[in-house]
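Trainee: Sending over a structure as structure tokens; questions will come in a sec.
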């Protein structure tokens, strides 16, 4: 039964994120790992109010930022997926890993 490891990488720096994802993709190609993606998600925009003082509704201009997301699926190469998920990423990169096991047709 194959395992699929879905890595979700997020960052506020789109260029850095694309560079990290490209590096993962290049390593997978060199090792013959079956990889799907990267699948880009639409950027999410956030706005955070900045209060001048505690307990007062007086604010500075809101802090606006964008989060970029890429999803990579690694098919049945558990050691490679584990190495990628455990590697040190730049502090501006956030990674989560989800693992799914799929039954193939005809398996009980």
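Every number here is computed from the coordinates shown, using simple stated rules; none is lab data. Just so it is clear, the model here is predicted, and its values are computed rather than measured. Every residue, glycine among them, receives a Cβ derived from its backbone with ideal geometry; neighbour counts consider all protein chains shown.
Trainee: Please give the calculated 222 nm ellipticity per residue for the chain, where each DSSP H segment of at least 4 residues contributes -39500 (n - 2.57) and the sum is spread over every residue; nearest 500 deg cm²/dmol?
Mentor: -8000 deg cm²/dmol
Trainee: Taking every Cα atom in segment 1-60, find the radius of gyration and the maximum pairwise distance Dmax, and write them in Å.
Mentor: 19.2, 58
Trainee: By how many nm would the segment from residue 58 to residue 29 grow when fully extended, if each residue of separation counts as 0.36 nm and the alpha-carbon distance is taken off?
Mentor: 5.1 nm
Trainee: Taking Cα pairs under 8 Å and at least six residues apart, what relative contact order does the chain come out at, in percent?
Mentor: Once divided by the residue count of the chain, the mean separation gives 47 percent.
Trainee: Applying 1/(1 + (r/R0)^6) with R0 = 22 Å to the Cβ-Cβ distance of residue 87 and residue 22, what FRET efficiency is obtained, to the nearest 0.05?
Mentor: Using R0 = 22 Å, I get an efficiency of 0.95.
Trainee: Return the distance in nm (one decimal) between the two label points of a simple spin-label model at residue 97 and residue 75, each offset 7 Å from Cα along Cα→Cβ.
Mentor: For residue 97 paired with residue 75, the spin-label model returns 2.0 nm.
Trainee: On to the next question. Give me the base-10 log of I(q)/I(0) for segment 3-101 at each q in 0.19, 0.25 Å⁻¹, Debye formula, one uniform scatterer per Cα, rounded to two decimals.
Mentor: Values returned for q = 0.19, 0.25 Å⁻¹ are -0.87, -1.32.
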